[in-house]
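*Asks:* Here you go, one structure.
The values are calculated or read from the model by the stated rules, or taken from the named source; none is laboratory data. This structure is a prediction, so every number in the text was calculated from the model and none was measured. FYI the Cβ positions are ideal-geometry reconstructions off the backbone, even for glycines, and counts take in every protein chain you see. For the accessible areas, the whole protein counts, side chains as well, though only heavy atoms, and no ligand, DNA or RNA atoms are used. Shrake-Rupley method; radii C 1.70, N 1.55, O 1.52, S 1.80 Å.
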Amino acid sequence: MAEKNIILTGDRPTGRLHLGHYVGSLKRRVELQNSGKFDAINILIADDQALTDNADNPAKIRDNIINVVLDYLSVGIDPSKTTICVQSALPALHALTFYYLNLVTTARLSRNPTVKAEIQMRGFADEGLPAGFFTYPVSQTADITAFDANVVPVGEDQLPMLEQAREIVEKFNKIYGETLVMPKAMIPENEFQRRLPGVDGKAKMSKSLGNCIYLSDTAATVKKQVNGKMYTDPLHIQVSDPGHTEGNVVFTYLDALCTDEHFAEYLPDYANLEEMKEHYRRGGLGDGTCKKFLINVLEETLSPIRAERAKWVQNIGDVYDIISTGTAKAVETTNATLARVRRAMKINYFEDRSIIKEWEELLKKADQ
Ligand code: TRP
């Protein structure tokens, strides 16, 4: 195996992507894409994984494939540099999953903290747990290894998936010989970007909580979310009162998003966020000013994304061609890995007729 730098990452197409996705991973993907440091970059639209907890609603997944691709293209994912592909059209992933399932125990799968939390959230603990959902970390291992990815840029919640993948790779290589590339997670450096809370301050942006800022939201919606739903510091009643910046969602967002250039442009009273925070803590800085600045920062981030999206929306045929071409390329890549895996496992019966001789000799020996 040649040492290559290959990225694979992915998303479940269950809804439009939001600002949490942007600061937590999309922005980084674009930087990595443009760094020129990688031999291949792949993004998987994980529709099969999305079906593991939406089996009764495939239409939702079908509809959101287009939303997710539009989000990718509008943040700057460039199909000439990044392969965008659709999971369900890659049969090698299904075959790999089936082999890898033999390399994990149900006890090990039960310990996955992300899956555990998701089981609670989805009510599967009471309703019954679909076996496909329970085992999706194994399918995700197939996603990663099929592309020979060594770098997997993901959010923090995906670390248990990478740990599981690494264990399967180690076990596979030990039993069948060095075959699979060992993957490594890459998570955002800025701790505030790792988990952007919802506009209501709740731990995570979630469609059902209505606390998201979507990449495709209009400027008016963004403004409404900030002004209407962001609580600041309940003790900061008068402008002159000292305020708290810790746990204040306006400042959490600024921590994740703003740069010194934003101050120069929109709030030149301060050189940087630290100066602004000091003033807020001292008293004398109103929440209205902070929110207005945040809205400017958000708009600077979101308006180019919105404009780019508007262009692609006019050309859905082109978008279709992009994922169709990307998927055809990914079929080749993943089939090659599956062939290598079958060879390593010596179950490549129909690649050539050499097994005939093997069988003949075996039978001859048995006769003697
Ligand atoms: N589980 C990931 C998520 O929910 C999506 C995903 C599927 C993925 N396959 C992947 C991420 C492979 C990284 C690599 O966000």
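*Asks:* Within the stretch 176-190, take every residue that is within 13 Å of the ligand (Cβ to nearest atom) and in a loop (DSSP other than H, G, I, E, B) and give me the one that is most open to solvent (accessible area, probe 1.4 Å).
*Replies:* So the residue we want is I187.
*Asks:* What do you reckon, is A310 exposed (fewer than 15 other Cβ atoms within 10 Å of the Cβ) and under 32 Å from the mean Cα position of the chain (by Cα)?
*Replies:* yes
*Asks:* Does any residue of the stretch 16-28 turn out to be out of contact with any strand residue (DSSP E or B) (no Cβ under 8 Å at 6 or more places or on another chain), away from the ligand (no atom under 16 Å from the Cβ) and within 28 Å of N190 (Cα to Cα)?
*Replies:* No: zero hits.
*Asks:* Within the stretch 243-334, considering only helices (runs of 4 or more DSSP H) that don't extend past its boundaries, which have at least 1 residues that are under 30 Å from C85 (Cα atoms)?
*Replies:* 249-257, 287-313
*Asks:* Which members of the stretch 228-261 meet the condition of being open to solvent by less than 30 Å² (accessible area, probe 1.4 Å) and either among the acidic types (D, E) or farther than 22 Å from S206 by Cα (or both)?
*Replies:* Across the stretch 228-261, the qualifying residues are D233, H236, G243, T245, C258.
*Asks:* What number goes with the only condition from (1) surrounded by fewer than 21 Cβ atoms within 10 Å (Cβ to Cβ); (2) within 19 Å of L93 (Cβ to Cβ) that A220 does not pass?
*Replies:* (2)
*Asks:* Would you mind stating whether M121 is more than 13 Å from the ligand (Cβ to nearest atom) and surrounded by fewer than 19 Cβ atoms within 10 Å (Cβ to Cβ)?
*Replies:* no
*Asks:* Working carefully through the options Q164, Q225, find the one that is buried (at least 21 other Cβ atoms within 10 Å of the Cβ) and either charged (D, E, K, R) or in contact (Cβ under 8 Å) with a residue 40 or more places away in the chain (or both).
*Replies:* Result: Q164 is the single residue among Q164, Q225 that is buried (at least 21 other Cβ atoms within 10 Å of the Cβ) and either charged (D, E, K, R) or in contact (Cβ under 8 Å) with a residue 40 or more places away in the chain (or both).
*Asks:* Right, something else. Could you list, in sequence order, the residues of the stretch 1-21 that are within 10 Å of the chain's Cα centre (by Cα) and modelled with pLDDT under 95?
*Replies:* H21
*Asks:* Here are V86, V104, V69: which of them is hydrophobic (A, V, I, L, M, F, W, C), closer than 22 Å to Y320 by Cβ and away from the ligand (no atom under 14 Å from the Cβ)?
*Replies:* V69
*Asks:* Looking only at the stretch 45-87, count every residue that is within 17 Å of the chain's Cα centre (by Cα) and either of a type in the set (G, A, S) or not assigned by TED's automatic domain parsing to the domain that holds V181 (or both) and tell me the total.
*Replies:* 4
*Asks:* Out of all the residues in the stretch 191-224, which are modelled with pLDDT of 95 or more and either in a helix (DSSP H, G or I) or farther than 19 Å from D71 by Cβ (or both)?
*Replies:* Those that are modelled with pLDDT of 95 or more and either in a helix (DSSP H, G or I) or farther than 19 Å from D71 by Cβ (or both): A219, A220, T221, V222, K223, K224.
*Asks:* Could you grab me the full set of residues in the stretch 23-74 that are touching a helix residue (DSSP H, G or I) at 6+ places or on another chain (Cβ under 7 Å) and acidic (D, E)?
*Replies:* Once the filter is applied, which keeps residues that are touching a helix residue (DSSP H, G or I) at 6+ places or on another chain (Cβ under 7 Å) and acidic (D, E), the stretch 23-74 yields D47, D48, D53.
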